[in-house]
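Heads up: the structure comes next, in structure tokens.
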Amino acid sequence: MNLFDSILSLVAPDTCAACDLPLEEQEKGFCGGCKILLEPAPSMRRPPAPSASVYLHRGPLADAMRRFKYQGRSDLAPVLGGLCADAAHVYAGHVDVVIPLPLHPERRRSRGYNQAALLAWPVARALQIPLRTGLMSRMRVTRPQVGLSAKERAENVRKAFCASWSLSGQRVLLVDDVSTTGATLGSARKALYDAGVDDVFTLTLAYAPEEAAEAMEGVRLAS
Ligand SMILES: [Zn+2]
């Protein structure tokens, strides 16, 4: 059992993250029935791609993430962050610092936690590099991206982020929960490059292709 597994066994819930079925001794995070339904992201999107995701945002993973993000289930962080950490090993030696996508302070207050920071912590731990939460900020409250077209998404998050010059010359692994059209992470990536960062990789736990296709469709209908 590695360090992360032993932490997980101490703090993770003993029921399935998606369906609440009690876990058998050898099961971690998800029950057997849910685990086999987790769909890996397409290989061209998997780490170490510059914009990578671990799984598709479907089925039990989407259920678990909804509970984690919107139903106050921050106790699912070790399980979901662990999935990110397992996939992040390939970045070892290629990144210097892990940064969670910042939430606007107002939204962080209302949710009680930044879900990206909770996912990023096990990643930094696995890579044995620092997790820095204070060096990038969200300048304004943006509308939720759900339901917006790709074009509206890009406009909604344009210049939404600001990064500290103290990151200059570093290679950053930016972590978030879900990516759709990539507009938010693209805007954050630009803010990091504007601050003199050397290289940026982005890693999300899940990629939502259906929602991305819908947003792209929105652009075609609107134009
Ligand atoms: Zn289950």
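The values are calculated or read from the model by the stated rules, or taken from the named source; none is laboratory data. Owing to the predicted nature of the structure, the values given are computational and were not obtained by experimental measurement. FYI the Cβ positions are ideal-geometry reconstructions off the backbone, even for glycines, and counts take in every protein chain you see.
Wholly within the range 80-181, which helices (runs of 4 or more DSSP H) include no fewer than the required count, namely at least 2 residues that are of a type in the set (D, E, K, R)?
Where helices (runs of 4 or more DSSP H) fall fully within the range 80-181 and carry at least 2 residues being of a type in the set (D, E, K, R), they are 105-111, 150-157.
One residue is enough: does the range 50-61 have a residue meeting the conditions among the hydrophobic types (A, V, I, L, M, F, W, C) and at pLDDT below 95?
No, the range 50-61 contains no residue that is among the hydrophobic types (A, V, I, L, M, F, W, C) and at pLDDT below 95.
Can you tell me which residues in the range 88-115 are among the hydrophobic types (A, V, I, L, M, F, W, C) and surrounded by fewer than 22 Cβ atoms within 10 Å (Cβ to Cβ)?
V90, A92, V97, L103
Going residue by residue through the range 38-56, is there one that turns out to be of a type in the set (K, R), free of Cβ contacts under 8 Å to residues at least 60 places away in the same chain and within 14 Å of the ligand (Cβ to nearest atom)?
no
Residues being among the hydroxyl-bearing types (S, T, Y) and within 19 Å of A191 (Cα to Cα): count how many of those fall in the range 142-160.
1
Can we say Y91 is closer than 24 Å to F201 by Cβ and of a type in the set (S, T, Y)?
Taking the combined requirement at face value, the residue satisfies it.
Looking at H94 and the list (1) touching a strand residue (DSSP E or B) at 6+ places or on another chain (Cβ under 6 Å); (2) more than 25 Å from E211 (Cβ to Cβ), which single condition is not satisfied?
(1)
Results for (1) touching a residue at least 40 places away in the same chain (Cβ under 8 Å); (2) farther than 25 Å from L118 by Cβ; (3) crowded, with 18+ Cβ neighbours inside 10 Å, shown as yes or no for each residue.
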| site | (1), (2), (3) |
| --- | --- |
| V146 | yes, no, no |
| S149 | yes, yes, yes |
| A160 | no, no, yes |
| L174 | yes, no, yes |
| V178 | yes, no, yes |
| T184 | yes, no, yes |
| L192 | yes, no, yes |
| T204 | yes, no, yes |
| A213 | no, yes, no |
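Just checking, how many residues over the range 9-36 are more than 19 Å from R73 (Cβ to Cβ) and within 12 Å of the ligand (Cβ to nearest atom)?
Going through the range 9-36 one residue at a time, the tally reaches 4.
Mind listing just one residue for me: the one in the range 12-37 that is within 15 Å of F68 (Cα to Cα) and surrounded by fewer than 17 Cβ atoms within 10 Å (Cβ to Cβ) and, of those, modelled with the lowest pLDDT?
Among them, the one singled out is P13.
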